[in-house]
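Peer 1: Just dropping this structure here.
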Amino acid sequence: MAVSSSGIAAGLTAAALATVGCLAHQASQALPSGPGGARAGASAAVDASRAPQARRNPTALPEGSGEGARVVYSLRGDRVWLVGANGGVARTFEVDPSAVDPPPGSYAVTSRSKAVTGSDGVPVEHVVRFTSVDGVVVGFSAAVDESRRAPAPKVRTGGIRESRTDGSVMWTFATIGRKVVVVG
């Protein structure tokens, strides 16, 4: 029985569509959904900055910030914790917030760049991105010139600035897929 070229093309098209559908489903389970949204099914992080422990010790890891290896970012505290698989804090440091804040929730590192120019025109390094909000990409970075100035009032940037030393440590720790938990 002879097989026509249109039958082969139809079979290959069906196989390609099934593969794309499977990959799309896998990607939707592993990465944050659309702009600014936490991954479907991800639980919102607790507003741990109001906890009594946080008032007594602002460098203490926020309660309810998840488990396992992760980056924890406090919006209210302008602080980051790098947490190892055993739950111990490997490093904590202050950051300068971006003009656009991600909503509290659980994310994953989606992309990284060794060195680029930030959306505010400042050369940055060790860029670790984990979400976007209304078309603005949000992530951690260090200004090459160590500047920590706030962006112009009308510039919508998503760069959470850290020192070059902290940026280097973040770069080593926050590889693609690493969990990032944002708390209020």
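Peer 1: What is the gain in length, in nm to one decimal, between E94 and V144 on full extension, counting 0.36 nm per residue of separation less the C-alpha to C-alpha distance?
Peer 2: Extending this stretch completely gives an extra 16.3 nm.
Peer 1: Zone of N57 (label point 7 Å along Cα→Cβ, backbone N under 19 Å): which residues in the stretch 72-95?
Peer 2: Within reach of a label on N57, which here means backbone N under 19 Å from a point 7 Å along Cα→Cβ, the stretch 72-95 contributes 72-74, 77-94.
Peer 1: Taking amide H positions as placed in the peptide plane 1.01 Å from N, state which residues far from I160 in sequence (5 or more) or on other chains have amide H under 5 Å from it.
Peer 2: G139, F140, S141
Peer 1: Rounded to the nearest 0.05, what FRET efficiency do D78 and S168 have when you use their Cβ-Cβ distance and R0 = 30 Å? If you can, show how the numbers build up before the last one.
Peer 2: Working: r = 19 Å, r/R0 = 0.65.
Working from the Cβ atoms, E equals 0.95.
Peer 1: Give me a comma-separated list of calculated 3J(HN,Hα) values for the stretch 64-69, in order, Karplus coefficients 6.51, -1.76, 1.60 applied at θ = phi - 60°, integers in Hz, x for any Gly or Pro.
Peer 2: x, 9, x, 9, x, 5
Peer 1: Leaving ligands and nucleic acids out of the surface, order W171, W81 by accessible area at 1.4 Å, largest first.
Peer 2: Largest to smallest exposure gives the sequence W171, W81.
The values are calculated or read from the model by the stated rules, or taken from the named source; none is laboratory data. Not measured: the values here are computed from a predicted model. All Cβ positions, even for glycine, are placed from backbone atoms using ideal geometry, and neighbour counts span all protein chains on display. The area values use the complete protein model at the heavy-atom level, side chains included, leaving out ligands, DNA and RNA. Shrake-Rupley method; radii C 1.70, N 1.55, O 1.52, S 1.80 Å.
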